[in-house]
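One structure below.
The values are calculated or read from the model by the stated rules, or taken from the named source; none is laboratory data. Since the model is a prediction, treat every value here as computed from it, not as a measurement. Neighbour counts are summed over all protein chains in view; Cβ atoms, including those assigned to glycine, are modelled from backbone coordinates with ideal geometry.
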Protein chains: 2
Amino acid sequence: MPTSTFFNLPLDKRNKIIDLAIGEFEHLPYDKASVNRIVKESGIAKGSFYQYFEDKKDLYRYVIHLIVEEKLKYLSPLLSDPDSHGFFAVIEELFKSGIQFAREHPRYVDIARIHLADTASPLYREMVKEHLPRNQEIFRHLIDLGIRRGEIREDVDVDFLAHLITDMNYSVVDYTKKMGGDILDDQLMNLVGRLLKYLKEGIGVPRVTI
Amino acid sequence: MPTSTFFNLPLDKRNKIIDLAIGEFEHLPYDKASVNRIVKESGIAKGSFYQYFEDKKDLYRYVIHLIVEEKLKYLSPLLSDPDSHGFFAVIEELFKSGIQFAREHPRYVDIARIHLADTASPLYREMVKEHLPRNQEIFRHLIDLGIRRGEIREDVDVDFLAHLITDMNYSVVDYTKKMGGDILDDQLMNLVGRLLKYLKEGIGVPRVTI
DNA sequence: TCGGAATGTGACCTGTCAGTCATATTCATA
DNA sequence: TATGAATATGACTGACAGGTCACATTCCGA
């Protein structure tokens, strides 16, 4: 966490520093991001930086913290009561809110992607590996519930399916990023609807049962 | 490409250098991998290295080249005649051969994953972005064919589905890596079978049609 | 207005990196 | 064995990194 000195700074200055930090981590993995550059661009002295943050890691953690906080705002209404709706409805909402987050905070998503991909960094183990299992834990719970409710076939491999749905979530967000800005919001939501249909009913031509 | 000097080297020495390079790129993205380390560990002089390779990029490209070459060995029987079997059969074989490759060359897969994740490196655009579209081109072709043959519903979004299946491929390989060595080959193949069943028929409980 | 605490500053330290080059060694051929 | 070509070598360069610290400036309560 940044020092109290940092939080005493005028809001402008604070925002400028964080904004430049985000700009740095948005394009470069932790190790290639440069404190020197952030400092130079923000016009503050190197020594000042190290009075605001303990070290580079401290700044990075703080940025990730801001991202996670923001993301939780999107998810919390869902996660507060995940059992109140059907499995496919909850998954659909999760995916949609993920896309919404990505559209409204594209820089955050870029940082998160780089962060999650940078398994080489010692920060990866430290920050990701401990939080990611919870993510899949939620999916596993939802799947279990879905099976008990008779929404999902009984013979699915719960672990594997949880893994798969997690990745599908990333995949659909990536796809919308790849498509870029020239895709409308309702098209996006249609996309999620389609994905859920694939997941629920498959893409094969249904067998005719008489 | 390495120089002729490199290829004139005794095989032992050549293998040692490449092996250490693989060991380096296996854990670190391009920019963090160190020529100095490779040189030190392999016991050759720095100057010698630069008589074997034009620069660091040259070595990296060569390693990636070796990986792609090896991977093609697994895929070529499939890709030589992708239209001869049904859509789901071809996809199943593609996934299975991918898993097989990952099991037999885990280090290669690690390097490839790091390479594909390192979008910050200038090498990414240069090496990946030009080859990746072909990958999805193949899937798109297969899907088109599947629709025409009546194996796949007509109303699927071909682009999105191609994207999704590409990611599913990564996902299943990742899952097997996550499970580690304590998973048997036939279990793996069952896994792919299950995945394909999800894809084809969905995970929802089938509607009863009378 | 004074004095101590808080904040600001940038030259400097150590380390690592990719890449170079003058020089030494080895090798093949005549 | 003599000679030129091929190969080996590691000290060196310049760039950049994160982090430090002695000193300068500002701020604020008494």
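The table below lists the values:
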{"quantity": "Pick from segment A:44-57, criterion touching a residue at least 24 places away in the same chain (Cβ under 8 Å) and surrounded by fewer than 16 Cβ atoms within 10 Å (Cβ to Cβ), ranking: nearest to A:Gln100 (Cα to Cα)", "calculated": "A:Lys57"}
{"quantity": "Count of residues meeting criterion [exposed (fewer than 14 other Cβ atoms within 10 Å of the Cβ), touching a residue at least 60 places away in the same chain (Cβ under 8 Å) and of a type in the set (S, T, N, Q)] in segment A:121-169", "calculated": "0"}
{"quantity": "Single unsatisfied condition, B:Ile99 versus (1) modelled with pLDDT under 95; (2) away from chain A (no Cβ under 14 Å)", "calculated": "(2)"}
{"quantity": "Leading residue by the ranking (nearest to B:Ala120 (Cα to Cα)) among those in segment B:25-44 that are more than 14 Å from chain A (Cβ to nearest Cβ) and within 12 Å of DNA strand D (Cβ to nearest atom)", "calculated": "B:Val35"}
{"quantity": "Test for A:Ile138: is it at pLDDT 95 or above and either farther than 30 Å from B:Ala33 by Cβ or among the hydrophobic types (A, V, I, L, M, F, W, C) (or both)", "calculated": "no"}
{"quantity": "Failed item in (1) of a type outside the set (Asp, Glu); (2) without any contact (Cβ under 8 Å) to a residue 40 or more places away in the chain; (3) within 16 Å of DNA strand C (Cβ to nearest atom), with B:Pro2 passing the rest", "calculated": "(2)"}
{"quantity": "Selected residue (only one of A:Ile18, A:Ile22, A:Ile38 is within 14 Å of DNA strand C (Cβ to nearest atom) and surrounded by 14 or more Cβ atoms within 10 Å (Cβ to Cβ))", "calculated": "A:Ile38"}
{"quantity": "Filtered residues of segment B:13-24 (kept if of a type in the set (D, E, K, R), more than 12 Å from DNA strand D (Cβ to nearest atom) and away from every other protein chain (no Cβ under 14 Å))", "calculated": "B:Lys16, B:Asp19"}
{"quantity": "Selection status of B:Glu92, closer than 16 Å to B:Val172 by Cα, in contact (Cβ under 8 Å) with a residue 12 or more places away in the chain and acidic (Asp, Glu)", "calculated": "yes"}
